[in-house]
Amino acid sequence: MIGLQPEGDVDWSMYRGIMVVVEQRSGVAKPVSWQLLGEARRLADKLDAPLMALVMGQDVSHIAQQAIGYGADIVYHADAPELKDYRTRPYSRVCLKVIKTYRPEIVLMGATYTGRDLAGAIATHLPTGLTADSTQLDVDDERLLLASRPAFSEKMLATILCKQFKPQMATVRAGVFQALPYDEKRTGKIIAVHQDMHENDIVTKVLEFVQDDNRVNLEDAQVIVAGGRGLGGPDGFKLLHELANVLGGTVAASRAATDLGWIDHAYQVGQTGTTVRPKLYFAIGISGAVQHVVGMQNSDYIVAINKDPNAPIFQIANYGIVGDLFEIVPLLTKAFQERLT
Ligand code: FAD
């Protein structure tokens, strides 16, 4: 935070531990929250400090319990009708109260729409520094958070530190880290947080949620069928949709395909697109440029289909098929159809 100085002599040593703000919608936690707890567990152990989670909502005690199973030592749990749906004011007020009371040295949230909104509101109020959209995290010997993110039109990876303020804050992209295996036997402390706002004090009202059926949700997809320039045009994506439908998966694309206007940018996987972590990822007619690979290399299984046996994608693929995608994809779709239906 260039130019801003803490007022007076602040004793930052009182701040200890890492806090992950768990995001939920309708009583279901976002996978990014558990992925963050997995990475934060590693950092907390390195700092020899407690790992805390903050769970807010209505009737979300099961999520507080889940946070323990995913690695938290202590969970702060704010449960109130005013917290049923996300709104900046009540959520940021609870966050600020918990942060000021329990003083974590690091606060992490998912770089989702909600996480970005909430993190910005809190960082401005505290005030402290916030690194948005991080893709790597670490801590150094001085307990400083090293939050790295693509910078300068995504050509470089910048590591950003917040030396003068606590807590150090970062939002982190979904799909970058891996959640720990859920351990239902894990024990921890759950501490209730009283929410002292009343509905009349909150100016924003949630009237209704309208489901956007066209919204692309690559982050949570278990099966992704991605296509690139090798598809030769927008019609190539019809083949991919057929395969994805049989597998209950989602179609995605390389930047070459989105830049050519064959499919919307929302479907792009990679450094300037979405980072994904599905169980199964098909890379079809995609060469395997590093900017694409960083967005999908953490998939459990990668199947590459490419007519060039030397395409770099084969170096990271678990299964590689060398050949013409226009022959292979329909055969695969037919074979899966016969087996799965
Ligand atoms: P190509 O590299 O052209 O590969 C096409 C492949 O299709 C080839 O391997 C070819 O052998 C194969 N093929 C052709 N015809 C057939 C056929 N009939 N059957 C089978 N195989 C066939 N890229 C991303 O994807 N995501 C990003 O987020 C991203 N961010 C970027 C950020 C920056 C700053 C920069 C500079 C680049 C970025 N890129 C990104 C672009 C990236 O460098 C590549 O240009 C892009 O990924 C290439 O896409 P592609 O693999 O579809 O196309």
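Bear in mind that the values in this text are calculations on the coordinates, not laboratory data. Just so it is clear, the structure is predicted and the values come from calculations on it, not from any experiment. Cβ atoms come from the backbone with ideal geometry, glycine included; neighbour counts cover every protein chain shown.
Just to be sure I understand the curve: with the Debye formula and one point per C-alpha of the chain, what is log10 I(q)/I(0) at q = 0.09, 0.11, 0.14 Å⁻¹?
Reported log10 I(q)/I(0), two decimals: -0.55, -0.78, -1.12.
Which of 52, 226, 249 sits closest to the plus end of the dipole of the chain, meaning its Cα is farthest towards the positive end, when Lys and Arg get +1 and Asp and Glu get -1 on the C-beta?
It is 52, whose Cα lies furthest towards the positive end.
Where is the GNM fluctuation largest for the chain (alpha-carbon springs, 10 angstrom cutoff): 209, 152, 165?
209
How much net charge surrounds residue 124 when only the other residues with a Cβ under 14 Å from the Cβ of residue 124 are counted, with Lys and Arg +1 and Asp and Glu -1?
Numbers: positive: 89, 93, 116; negative: 117.
Value of the local net charge: +2.
Pop a pseudo-label 7 angstrom from the Cα along the beta-carbon direction at both residue 187 and residue 125 and give the gap in nm to one decimal.
3.4
Residue by residue through the stretch 311-323, which ³J(HN,Hα) values in whole Hz follow from phi under the Karplus form 6.51 cos²θ - 1.76 cosθ + 1.60 (θ = phi - 60°), with glycine and proline marked x?
Here the 3J(HN,Hα) series is 4, x, 4, 5, 5, 10, 6, 6, 10, x, 10, 8, x Hz.
Most fluctuating residue of 107, 21, 322 in a GNM of the chain with Cα springs under 10 Å: which is it?
322
Measuring from centroid to centroid over Cα atoms, what is the spacing of the stretch 257-275 and the stretch 88-132 in Å?
Each part reduced to its Cα centre gives a spacing of 30 Å.
As an exercise, use a Förster radius of 35 Å and the Cβ-Cβ distance of residue 138 and residue 308 to find the FRET efficiency, rounded to the nearest 0.05. If you can, show how the numbers build up before the last one.
Values: r = 37 Å, r/R0 = 1.05.
Calculated transfer efficiency: 0.45.
Filter the chain for me: DSSP H helices, axial length by Cα at least 15 angstrom, mean Kyte-Doolittle hydropathy not below 0.5. List them by residue number. Can you show the working numbers first?
Values: long enough: 31-47 (24 Å, -0.24); 88-102 (21 Å, -0.27); 113-125 (19 Å, -0.08); 236-247 (18 Å, 0.79); 325-340 (21 Å, 0.63).
The answer, listed by residue number, is 236-247, 325-340.
At a Förster radius of 30 Å, what calculated FRET efficiency corresponds to the Cβ-Cβ distance of residue 116 and residue 159, to the nearest 0.05? Present the calculation step by step, with values, prior to reporting the outcome.
Values: r = 20 Å, r/R0 = 0.67.
About 0.90, to the nearest 0.05.
Using Cα springs under 10 Å in a Gaussian network model of the chain, which residue among 213, 183, 138 shows the largest mean-square fluctuation?
Taking springs between Cα atoms under 10 Å, the residue moving most is 213.
Mean residue ellipticity at 222 nm from the helices of the chain, using -39,500 (n - 2.57) per DSSP H segment of n ≥ 4 over the full residue count, to the nearest 500 deg cm²/dmol?
Details: 9 runs with 95 residues, N = 341.
Value at 222 nm, helices only, nearest 500: -8500 deg cm²/dmol.
Assuming 0.36 nm per residue, please report the length gained on full extension of the stretch residue 338 to residue 62 beyond their Cα-Cα distance.
Separation in residues times 0.36 nm, less the Cα-Cα distance, equals 95.4 nm.
Taking Cα centroids, how far is the stretch 163-198 from the stretch 210-250 in Å?
The stretch 163-198 and the stretch 210-250 have Cα centres separated by 32 Å.
For the residues 61, 134, 26, what sequence is obtained by ranking on other C-beta atoms within 10 Å, fewest first? Before the final figure, lay out each step's value.
Numbers: 61 14, 134 23, 26 10.
Going from least to most buried by this count: 26, 61, 134.
What does the charge dipole of the stretch 210-279 about its Cα centre add up to, to the nearest 20 debye, if the Cβ of each Lys and Arg holds +1 and the Cβ of each Asp and Glu holds -1?
The dipole magnitude comes to about 260 debye.
How far is the Cα center of the stretch 51-78 from the Cα center of the stretch 8-50, in Å?
Centre-to-centre (Cα) distance: 11 Å.
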